[in-house]
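The values are calculated or read from the model by the stated rules, or taken from the named source; none is laboratory data. Since this is a predicted model, take the numbers as computed values, not measurements. Counting neighbours? That spans all protein chains shown, and the Cβs are built from the backbone with ideal geometry, glycine included.
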Amino acid sequence: MFRKLIFASAVITTSGAALAADLPRRAAPPVFVQVPVFTWTGAYFGINAGYVFSGETRFDRTVGDLPNNNAALAAGLRPFAARVRNEGFTGGGQVGYNYQFTPGSGVVVGFEADAAYTDLDRVSTFSNTTNLGPLVTPGAPLTTRINQYRGGLDYLGTVRGRVGYAFDRFMIYGTGGFAYGGVNNRVTFAIPGGTTPFFEGRQNDMQTGYAYGGGIEYALATDSFLNVFKSSAVTMKVEYLHYELGGDRIAIPGVNGGPGNYSARVRNEGDLVRAGLNYKFGTF
């Protein structure tokens, strides 16, 4: 009897093993790979290029230090105020840092410093033919007076804060801060005949002020063909900036025997639109 029980158990065990061998194998559970959430946090550098479309140099409140000079201003023979409108190319580079409070979508804050060449250099000419009579030279014949104003900006740089909101890889932002630029301005008053300068003043230095504006920026895929530096992201932006450089009063002294001096207050301001390409590194 005992032998029969052992034999029956062996048969059942063998049959069960055979049946199990015939069953299909259970596949291993898939490995879950988490897709990283994009963040704007990190340092970056890049290049920019664009167009200054309403650059302007303003010569305001021109005054003279002699009665005859002020009489010429009052008679309209010397412009009391003049504006030189400029437009041209701008191109340069920038560096900055962003911090995003919530990866994916959320508030982004940061700062950016940039410097750019500006192709702004223009001359406006105001001429008239008249005789001041007793104001300048009694009995003198009619003479042509040429008044020239040159407005130029050689370079423009800013250091600005940025505040934006990101929708994953797309961000819209506002910006504002410090601005500086290399101004190159000149005023020339010529009498008689309009060829010989009798008064001439120059301003060729760096002026400071402020800039503000806004823009949009989009982060491309890491494996973009533009990612030549193997950065963590390549971003493209388009932005608008308005800049105003502080005013300064320049002297316009007499030359070639011109009597006395003039002076004028000068301000430089303008608007630009530019595109930029940035390379972002790290998320720290």
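Numbers at a glance
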quantity: Pairs with Cβ under 9 Å, 6+ apart, first in the range 239-262 and in contact (Cβ under 8 Å) with a residue 12 or more places away in the chain, second assigned to a loop (DSSP other than H, G, I, E, B) and surrounded by 14 or more Cβ atoms within 10 Å (Cβ to Cβ); calculated: 253/260; 254/260; 258/191; 259/136; 260/65; 261/65; 262/65; 262/78
quantity: Where a residue in the range 47-76 is within 30 Å of residue 274 (Cβ to Cβ) and touching a residue at least 40 places away in the same chain (Cβ under 8 Å) and its partner, wherever it lies, is of a type outside the set (Phe, Trp, Tyr) and part of a loop (DSSP other than H, G, I, E, B), with Cβ under 8 Å and at least six apart; calculated: 58/81; 59/79; 59/81; 60/81
quantity: Selection within the range 78-89 - out of contact with any Leu (no Cβ under 6 Å at 6 or more places or on another chain) and assigned to a strand (DSSP E or B); calculated: 82, 83, 84, 85, 87, 89
quantity: Residue list for the range 186-227, restricted to those being over 26 Å from the mean Cα position of the chain (by Cα) and in a loop (DSSP other than H, G, I, E, B); calculated: 191, 192, 193, 194, 195, 196, 223
quantity: Unique match (being without any contact (Cβ under 8 Å) to a residue 12 or more places away in the chain and either within 30 Å of residue 86 (Cα to Cα) or exposed (fewer than 15 other Cβ atoms within 10 Å of the Cβ) (or both)) among 271, 223; calculated: 223
quantity: Cβ-Cβ under 8 Å pairs, at least 6 apart or on other chains, the range 171-184 side over 14 Å from residue 205 (Cα atoms), far side of a type in the set (Lys, Arg); calculated: 173/162; 174/162; 175/160; 175/162; 176/160; 177/160; 178/160
quantity: Within the range 228-255, considering residues that are part of a loop (DSSP other than H, G, I, E, B) and more than 25 Å from the chain's Cα centre (by Cα), the one surrounded by the fewest Cβ atoms within 10 Å (Cβ to Cβ); calculated: 230
quantity: Residue satisfying all of: in the range 234-269; on the phi > 0 side of the Ramachandran plot and not polar (S, T, N, Q); modelled with the highest pLDDT among these; calculated: 260
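Yes/no per residue for (1) touching a Pro at 6+ places or on another chain (Cβ under 9 Å); (2) crowded, with 16+ Cβ neighbours inside 10 Å; (3) without any contact (Cβ under 8 Å) to a residue 40 or more places away in the chain:
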| position | (1), (2), (3) |
| --- | --- |
| 92 | no, yes, no |
| 96 | no, yes, no |
| 100 | no, yes, no |
| 104 | no, no, no |
| 111 | no, no, no |
| 114 | no, yes, no |
| 118 | no, yes, no |
| 123 | no, no, yes |
